[in-house]
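Enquirer: Take this structure, written in structure tokens, and hold onto it; I'll ask about it next.
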Amino acid sequence: MIRHPQTRRQFLWTTAASVTSLASLRGHYRQPEPTGPAIRCAVVGVGMRGREILRMLARIEQASVTGYCDPYPPYLRRGARLAPDARSFEDADQMLAEASEIQAVFVCTPTHLHRQVVESALKAGKHVYCEAPLASTVEDCRAIAKAASASERTFAMGLQNRANPLFKHASKFIRARYLGRLMTEEGHWYENNSWRRAVSDPAFQKAFDWKLDPEVSLGLLGEAGVHTFDNSLRFQGSYPVAVSAFGSLMKWDDGRVLPDTVFCIFEYPNGLLSRFEATLTNSFREKYYLLNGGDGSILLKDAHSWWFKEVNAPSVGWEVYASREKIGNEEGIVLRANATKILQQGKLPAKEGGESGQLEDDPLYVALQEFLAAAAKGEATGWGAKEGYESAVMAIQAHQALAAGKRLEIDSSVFRL
């Protein structure tokens, strides 16, 4: 109810502010203030992901890279180009023993090697950021989670959607029931990539192709699906009760066993169906996450998002002033990234263009910033051992359903640490 008369301009300003409060995502992100000296960091595993983290840490004021580790000599040379002032090591335990100045360790090794590195780093009193999934077996996941929970150091998982302002805000839409009752959700992960790696020394080939090794790898369901599974846990607020999974070898018939194309469906106790599909055969639409409800849908893709409102859904009033874009045959309300900045300039977000490509829009950058800020204060991030354990357990359950070739019921006790 309006208590005081408003001019049209005041009304539009109030409406735009409402749009901002609901739809401004990246504009609400504030870079954590530095708290004291830069945190001395080390990266274990400087393959593609490790080097990406090295590049990002170089752009963060609160980080100082003092060490990196990898058994593969060419990767050590690449690491030197990214962190020329840091010490290099071939063994993580040696690095932890000799470089006592290190305060935070970023674990970017193959998934099945996470446990040894994480436990050693925590035992040495380091803060730990571990890439997802947590591990490839429930036993290793539980061991890591218990070690992290028992430690006084900050432990964070590489579930960067947890830090992504876009995904944080989506939960507000859901809680406000803008989508109505959630019906389905979809995770889409498409790449045209064999997952085989070229190496200069054949002795490293097996280690480099670990994602294709059924003895240690969860395949696409683990390495790609874990982020969608974590989204599900976050937005549904409950554990799934069953899972079905299917896979085929469609393109990379090169002697591998694990499929290059997979589908899985999780069933939740409220009837919601959560689908994840992934392939290494095609890159169309790449990666996205879609929530569907009776009154609308939200599409989240990298640092962009759109709200698709059903024609018979209740009006919330302000959507008439929001910017819209065509996505295929559908018109989506743009969740404007920089609406807060536009409002501060005395303009209306619906009438102004948006900016893109800002560093603070990058989910990895935001995640690393939040981790380092939490580590500086000795606090938790909110996406640590529990979240890492539960999302990895979902990936493991899906992988087991794929191997069994049938629908598996899930005992909720498997999610308890």
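Enquirer: If you scan segment 349-363, which residues turn out to be within 18 Å of the chain's Cα centre (by Cα), part of a helix (DSSP H, G or I) and either at pLDDT 95 or above or not aliphatic (A, V, I, L, M) (or both)?
Expert: Of everything in segment 349-363, those that are within 18 Å of the chain's Cα centre (by Cα), part of a helix (DSSP H, G or I) and either at pLDDT 95 or above or not aliphatic (A, V, I, L, M) (or both) turn out to be E360, D361, P363.
Enquirer: Just give me the residues in segment 278-292 being touching a helix residue (DSSP H, G or I) at 6+ places or on another chain (Cβ under 8 Å) and of a type in the set (G, A, S), in sequence order.
Expert: A278
Enquirer: (1) at pLDDT 95 or above; (2) farther than 20 Å from L359 by Cα; (3) hydroxyl-bearing (S, T, Y): which one isn't true of S64, the others all being true?
Expert: Of (1) at pLDDT 95 or above; (2) farther than 20 Å from L359 by Cα; (3) hydroxyl-bearing (S, T, Y), only one is false for S64: (2).
Enquirer: Right, another one. Where in segment 114-222 are there strands (runs of 3 or more DSSP E), lying fully within it, with 1 or more residues that are of a type in the set (A, V, I, L, M) and not assigned by TED's automatic domain parsing to the domain that holds A398?
Expert: Answer list for segment 114-222: 127-130, 155-157.
Enquirer: Sticking with this structure for a sec: Could you grab me the full set of residues in segment 381-417 that are in contact (Cβ under 8 Å) with a residue 60 or more places away in the chain, among the small types (G, A, S) and in a helix (DSSP H, G or I)?
Expert: A385, G388, S391, A392, A395, A398, A401, S412
Enquirer: Still on this model: Are there any pairs with C-beta distances below 8 angstrom linking a residue in segment 89-104 that is over 23 Å from T154 (Cβ atoms) to a residue that is among the aliphatic types (A, V, I, L, M) and surrounded by fewer than 20 Cβ atoms within 10 Å (Cβ to Cβ), with the two at least 6 apart or on different chains, and if so which?
Expert: Sorted first by the residue in segment 89-104, then by its partner, the pairs are E90/L76.
Enquirer: What are the pairs with Cβ atoms under 7 angstrom where one residue, in segment 66-84, is not assigned by TED's automatic domain parsing to the domain that holds Q94 and the other, located anywhere, is crowded, with 21+ Cβ neighbours inside 10 Å and of a type in the set (S, T, Y)? Sequence gap at least six, or different chains.
Expert: The qualifying pairs do not exist here.
The values are calculated or read from the model by the stated rules, or taken from the named source; none is laboratory data. Just so it is clear, the structure is predicted and the values come from calculations on it, not from any experiment. All Cβ positions, glycine included, derive from the backbone under ideal geometry; neighbour counts span all protein chains shown.
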